[in-house]
Amino acid sequence: QVQLVESGGGLVQPGGSLRLSCAASGSILSINAMGWYRQAPGKQRELVAVVTSGSSTTYADSVKGRFTISRDNAKHTVYLQMISLKPEDTAAYYCHALILGSRSRMISDHWGQGTQVTVSS
């Protein structure tokens, strides 16, 4: 089994910063893309940022220049550094990974449980 565990969410004032972490554990042979999605109340889940195994990154237009995604392959961990946070960044943030299982020898989607980010004064 594979698990993704997120941490780092919380309440921050507009203009503030937060760093999210997501660690994958379990029967992992390798991890392809890792990314962050978010879902605000009443809205669909949307891509925030993704980083490939080759460290190529993609960002939603709304977060470019403010958020930075990175990964530590040795720790099977992905990070999301968020600065200049805005109230519209308020959402539940979910970690996602495409993982090649060491037992299944198949690539499958995995999601974290979500961590809440609230930007408010």
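Bear in mind that the values in this text are calculations on the coordinates, not laboratory data. Quick caveat: nothing in here was measured; it's all calculated off a predicted structure. Cβ: placed from backbone, ideal geometry, glycine included. Neighbour counts: every protein chain shown.
Worth a mention:
- Taking Cα centre as origin and charging only the Cβ of basic (Lys, Arg, +1) and acidic (Asp, Glu, -1) residues, the dipole magnitude of the chain rounds to 140 debye.
- Packing around the peptides 19-32, 49-62, 77-90, taken as the average count of other Cβ atoms within 10 Å per residue, puts them in this order, highest first: 77-90, 19-32, 49-62.
- For a straight C-alpha distance cut-off of 23 angstrom, the lysines reachable from Lys64 (same-chain residues fewer than eight places away being disregarded) are Lys43, Lys86.
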